[in-house]
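Participant: The structure follows.
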Amino acid sequence: MKYLRNALVAIGLALPGAALAGGTPATLYKSPTCGCCSAYADYLEGHGFDVDVVVRDDMDDIKAQAGVPDRLRSCHTTMVGRYAVEGHVPVEAINKLMEQKPFSRGIAMPGMPAGSPGMGGSKQGPFEVFYISEQSNPRLFHSQ
């Protein structure tokens, strides 16, 4: 009986660490032909996220379900918790999103900016990340 109790205590102590070791879960939706999306998934994994990559032919439907308006769209959509993260968003902005937990559908960095996470080339200017909303002028969430 004492052995069983000690085993249960050991399992209980190990579980929280095991859950943390897996990282923050994220599901990245991408088209079959996109290579930079896989590079972005690798970037997220390198920063402690546990990424599940889902290849879909219906990316417009995925973006519509996530509430991403056309003007904020990029090549892939990542779900982190209840939030949509659209495009090559730097991990600092995702961490800020998860810490602040704003009332928003998520955040987006439209297009495919050179030098952004998962993209090649040199950074041409600040990376601007916006709240996902239906407003005609999106509000800035993060810049770096």
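Participant: Using a cut-off of 12 Å between beta-carbons, work out the net charge of the residues near GLN135 (Lys and Arg +1, Asp and Glu -1, GLN135 not included).
Facilitator: +2
Participant: Counting Lys +1, Arg +1, Asp -1, Glu -1, what net charge surrounds VAL54 among other residues with beta carbon under 14 Å of its beta carbon?
Facilitator: Cβ neighbours under 14 Å give a net charge of -2.
Participant: So if I restrict to the alpha-carbon atoms in the range 24-143, what is the Rg, and what is Dmax, the biggest pairwise distance, in Å?
Facilitator: 12.9, 35
Participant: What full-extension length gain, to one decimal in nm, is calculated for ASN95 and ARG139 as 0.36 nm per residue of separation minus the Cα-Cα distance?
Facilitator: That works out to 14.0 nm of additional length.
Readers should treat all values here as calculations from the given coordinates under stated rules, not as data from a laboratory. Being a predicted model, the structure only gives us computed values, none of them experimental. No Cβ is skipped: glycine too gets one built from the backbone with ideal geometry, and neighbour counts run over all protein chains shown.
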